[in-house]
Amino acid sequence: MIDEGGGGAGQASTKIGGHVSTNPAAWNDVRARLYHYRTKDQVEVDAVVETMDGRVIGVETKAGGTVRAEDLAGLRNLRDRLGEKFIAGFVLYAGQQTLPFGDRLRALPLEALWNTRP
């Protein structure tokens, strides 16, 4: 579990707020928790999904049609901190292209969520 210790809802810790246990039938029998990630230095990721075995995916959202390298600072921090447990990081944005941003990091058009079939 991602936790710098001592933190709880509303405190500046890595694990903030509660969690969401998903319906296993809806997620192909994958149970996960949903977190917001923030360090003491205010580096953050909008949503962090952690499976019960510790695998993690991070998601950032941007309203604009462009993504800059700086927009992935929180995802890079989380990736570097977690190592191999970090599976992927995505920035969902209003643009039209899928863009690579290095090891396990991508920007995806928000529209892709509705155009992708499992």
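The values are calculated or read from the model by the stated rules, or taken from the named source; none is laboratory data. Since the structure is predicted, the reported quantities are computational estimates derived from the model, not experimental observations. With ideal geometry, Cβ positions are generated from the backbone for all residues, glycine too; neighbour counts draw on all protein chains shown.
Does the range 77-91 contain any residue that is surrounded by fewer than 18 Cβ atoms within 10 Å (Cβ to Cβ), part of a loop (DSSP other than H, G, I, E, B) and touching a strand residue (DSSP E or B) at 6+ places or on another chain (Cβ under 8 Å)?
no
In the set Gly64, Gly18, Gly74, which member is touching a Phe, Trp or Tyr at 6+ places or on another chain (Cβ under 9 Å), at pLDDT 95 or above and closer than 24 Å to Leu113 by Cβ?
Selected residue: Gly74, the only one of Gly64, Gly18, Gly74 that is touching a Phe, Trp or Tyr at 6+ places or on another chain (Cβ under 9 Å), at pLDDT 95 or above and closer than 24 Å to Leu113 by Cβ.
Asp41 versus (1) buried (at least 16 other Cβ atoms within 10 Å of the Cβ); (2) in a loop (DSSP other than H, G, I, E, B): which is the lone unmet condition?
(1)
Filter the range 28-60 down to the residues that are in contact (Cβ under 8 Å) with a residue 40 or more places away in the chain and not charged (D, E, K, R), then identify the one that is farthest from Ala107 (Cα to Cα).
Checking each candidate, the answer is Gly54.
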